[in-house]
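All of the numbers you see were taken from the coordinates with simple rules; none came from a lab. On a predicted model such as this, the values are computed, not experimentally measured, just so you know. Counting neighbours? That spans all protein chains shown, and the Cβs are built from the backbone with ideal geometry, glycine included.
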Amino acid sequence: MIAQALYFMLPAYAANMAPVLFKSTFKPLAKPIAPKIKLRGKSLFGAHKTFRGLLVAGIAGILVFLLQEWLYNLPLFQSISLFDYDSMFQAYSVLPGFLLGFGAIFGDLIESAVKRQLDIKPGAKFMPWDQIDFVIGSLIFLAVLYVPSWQVVLIILVLTPALHIAANHLGYYLKLKKVKW
């Protein structure tokens, strides 16, 4: 069930990493999402939340979901899939990938807004929300089409923080991120 839970979340994981991986591309879209919108006199999201991040997160979620859909024809991937990609989402095509990807980035945006209101600087630790904000967002968005079992959700919520920290450390050592968390 662990492999199934992690495989299920791959579109959201990819979406969460995509803005960091593509920070040097699509320069015209590197504009803050809501630079002039303030809440209680504080910036809503901060300058580092950009349209580029929204775009690449949504695309990453879709592409990974499409890859999973294609791989579903192989027995190994059928065995670790929580559902039948061929029949369950046939009418929706790329929508589940979009919902997981956009939900992930939306969860991150909400967490960013909360950090601004609490005067927590961009890039500063905000445990455990830094590690699960995107998971919560992606699960909420996908809930219009599919709700995993509580066991799968629990596995995701327990394992994702460790995976998130490991990925961030890797990004830091590869000089893709300025902080380890």
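Key figures for this structure:
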| item | result |
| --- | --- |
| Residue order, fewest to most surrounding Cβ atoms within 10 angstrom, among L109, L100, L142, L10 | L10, L109, L142, L100 |
| Coil-residue trypsin sites (Lys or Arg not before Pro) of region 91-151, DSSP, other Cβ within 10 Å capped at 15 | K125 |
| Fewest-first sequence of W150, W70 by Cβ atoms within 10 Å of each Cβ | W150, W70 |
| Per-q log10 I(q)/I(0), region 1-98, q = 0.11, 0.20, 0.22 Å⁻¹ (Debye; single scatterer per alpha-carbon; no solvent) | -0.44, -0.93, -1.03 |
| Net charge of Cβ neighbours under 14 Å - reference L157; Lys, Arg +1; Asp, Glu -1 | -2 |
| Spin-label pair S79/A143, simplified geometry with 7 Å Cα→Cβ offset, distance in nm | 3.4 nm |
| DSSP-assigned coil residues among trypsin sites (Lys or Arg not before Pro) in region 17-67, each with at most 11 further Cβ atoms within 10 Å | K36, R40 |
| At R0 = 30 Å, FRET efficiency that the Cβ-Cβ distance of L163 and L29 yields, to 0.05 | 0.65 |
| Summed side-chain charge close to A57 - residues other than A57 whose Cβ falls under 15 Å, Lys, Arg +1, Asp, Glu -1 | 0 |
| Label-point separation, W150 to Q117 (7 Å along Cα→Cβ), nm | 2.8 nm |
| The chain: C-alpha pair distances exceeding 20 Å, % | 54 percent |
| Between helix 129-142 and the chain: long-axis angle, C-alpha atoms, 0 to 90°, nearest 10 | 50 degrees |
| Nearest 10 degrees, 0 to 90: helix 51-71 Cα axis against the chain principal axis | 10 degrees |
| Positive-end extreme of charge dipole, region 19-115 - chosen from T50, S93, A104 (charges on Cβ) | T50 |
| Rounded tilt (10° steps) of 95-117 against the dominant C-alpha axis of the chain | 30 degrees |
